[in-house]
Amino acid sequence: MSKIFSFSLIPCKTLLQTRASVTVQETENVTDFRTKVSRNPKMERLRCNYLFPEISAREAQHLKKYPNAEVISLGIGDTTEPLPDTVASSMADVSFAILLTEKLVGFQFNTVQMQELRRQISETLYKDMGIKDTEVFVSDGAQCDISRLQLLFGANMSIAVQDPTFPAYVDSGVIIGQTGDVEKESGSYQKIEYMTCGPQNSFFPDLSKTARTDIIFFCNPNNPTGHAASRQQLERLVQFAQENGSIIVYDAAYAVYITEGRPRSIYEIPGARKVAIEVSSFSKIAGFTGVRLGWTVVPEELLYSNGFPVIKDFNRIVCTCFNGASRIAQAGGLAALSPEGFKAVLSLADYYKENAEILLETFRLLGLRAYGGINAPYLWVHFPGSNSWDVFNEILEKTHIITVPGSGFGPAGKEFIRVTAFGHREKILEASKRLRRLLS
């Protein structure tokens, strides 16, 4: 296993600096004219590129070097299997209906179709949790809603994130102005409360050592670690928010993968309606990564310190910034929540979980500790004493496999890589063979 560290690599920092300097030089060569508008200083705080475009750029660079390589992506969590027939058929029907004048509908905000989708989400996914359809906001995806929520909160809010965590929470916080500068040594941002989640604490933060913040971003199952919190852990989280008067932004994008009787929604926890907003998506539930459809739940009981309902402000944000999800995507969402469609959706999730089992067994046989993969489509693989970007580069160079370096998710990910179970079965099996050859 030690041979994985024998390859001579260009440090990640050097590569990123090179890419940045080339970009600046290319920009300067385009034109000598400059406006008198200053660049937003908050944008200057962002570290290099957003993580996933950076991964794609490195894949493209690798293919230039090895044009005949058969690259296998275990990196970006993009679904690969076809949409269920009933979902695709419903979307096709609506697409053809657009040709008919009498069936043409324009802006999609608060249409009959959207009202029905809100009702189906509340009744199918939040049964017996007291969620009303009027508390469900349909959108074009969870990541877009995260930024809308940040716009709602504003620059003066303090935030806490899991470490490691999905980078959109941090980057949107930087852009909106909630953070200070990045610390060069750790890679963390000033004014963000990083809640360490690792093997040493069962991937759940020690809340007794966590400072009070206005907003707590909590992804469950966690991306990237694949850990799903227990009921007792979520009860502690809700209690912590209640005691501190904080709002939890609960990202449940991978909830459909949860087994073992663990909660799939924060609203299964008593008291959560008064302290939590839940964001979710059809992307990983129904394979809508290219279709774009999601939702956010804002309970009526969630109030600001002055007693004003958060839902009213979020409704104003949505009305201002969004004209409604595509009618075609909404038709697919409705079909996915039908009895036939939901059965097919769960079958898709089972397929990816079987992929995860194959990968978990691969790393087990190699003597590497891999976490997750049971309640989520991600594995969090530990390479003790290593640098995750070096491991990423080594695996890509020698196996033509894309992974994601753990440090892209926060300081706690330095010795880890994230591996996704999204993929065609034959690709997963081939990746398993290549990894065994490299690491055994």
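The values are calculated or read from the model by the stated rules, or taken from the named source; none is laboratory data. Small disclaimer: the values here were computed from a predicted structure and weren't measured. Because the Cβ atoms are built from the backbone with ideal geometry, glycine has one as well, and the counts that use them run over all protein chains shown. Heads up: the accessible areas ignore ligands, DNA and RNA and are worked out on the full protein's heavy atoms, side chains in. Shrake-Rupley method; radii C 1.70, N 1.55, O 1.52, S 1.80 Å.
Taking the range 96-193 as the region of interest, the helices (runs of 4 or more DSSP H) fully inside it that hold 2 or more residues being modelled with pLDDT of 90 or more and under 22 Å from PRO41 (Cβ atoms) are 142-153, 167-176. The set of residues in the range 355-396 being under 13 Å from THR225 (Cα atoms) and aromatic (Phe, Trp, Tyr) consists of TYR371, TYR378, TRP380. Only one of these is over 28 Å from SER208 (Cβ atoms) and surrounded by 21 or more Cβ atoms within 10 Å (Cβ to Cβ): ALA142, ALA155, ALA160. Name it. Just a single option satisfies the conditions, and that option is ALA142.
Being in contact with a Pro (Cβ under 7 Å, 6 or more places away or on another chain), in contact (Cβ under 8 Å) with a residue 12 or more places away in the chain and open to solvent by 50 Å² or more (accessible area, probe 1.4 Å): is that true of THR225 here? No. A search for C-beta distances below 6 Å between a residue of the range 55-79 that is under 23 Å from ALA421 (Cβ atoms) and any residue that is of a type in the set (S, T, N, Q), counting only pairs 6+ apart in sequence or on different chains, returns LEU74/THR403; LEU74/THR420; GLY75/THR403; GLY77/THR420; ASP78/THR289; THR79/THR289. Answer with yes or no whether ILE176 is among the aliphatic types (A, V, I, L, M), open to solvent by 20 Å² or more (accessible area, probe 1.4 Å) and touching a residue at least 24 places away in the same chain (Cβ under 8 Å). For ILE176, the condition - among the aliphatic types (A, V, I, L, M), open to solvent by 20 Å² or more (accessible area, probe 1.4 Å) and touching a residue at least 24 places away in the same chain (Cβ under 8 Å) - is met.
A quick yes/no check of all residues on (1) over 16 Å from the mean Cα position of the chain (by Cα); (2) more than 29 Å from GLU235 (Cβ to Cβ):
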| position | (1), (2) |
| --- | --- |
| LYS284 | no, no |
| THR289 | no, yes |
| PRO299 | yes, no |
| PRO309 | yes, no |
| VAL318 | yes, yes |
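Report, by residue number, each residue of the range 141-178 that is among the hydroxyl-bearing types (Ser, Thr, Tyr) and within 20 Å of the chain's Cα centre (by Cα). Within the range 141-178, SER147, THR165, TYR169, SER172 meet the criteria.
Here is a check on your reading of the model: is SER280 at pLDDT 95 or above, open to solvent by less than 40 Å² (accessible area, probe 1.4 Å) and under 30 Å from ASN244 (Cα atoms)?
Working: at pLDDT 95 or above: yes; open to solvent by less than 40 Å² (accessible area, probe 1.4 Å): yes; under 30 Å from ASN244 (Cα atoms): yes.
The answer is yes for SER280.
Counting the residues of the range 194-217 that are open to solvent by less than 60 Å² (accessible area, probe 1.4 Å), more than 19 Å from LEU151 (Cα to Cα) and assigned to a loop (DSSP other than H, G, I, E, B) gives 7.
Considered as a group, the residues in the range 85-95 that are closer than 10 Å to ILE328 by Cα and of a type in the set (S, T, N, Q) include one that is modelled with the lowest pLDDT, and that residue is SER95.
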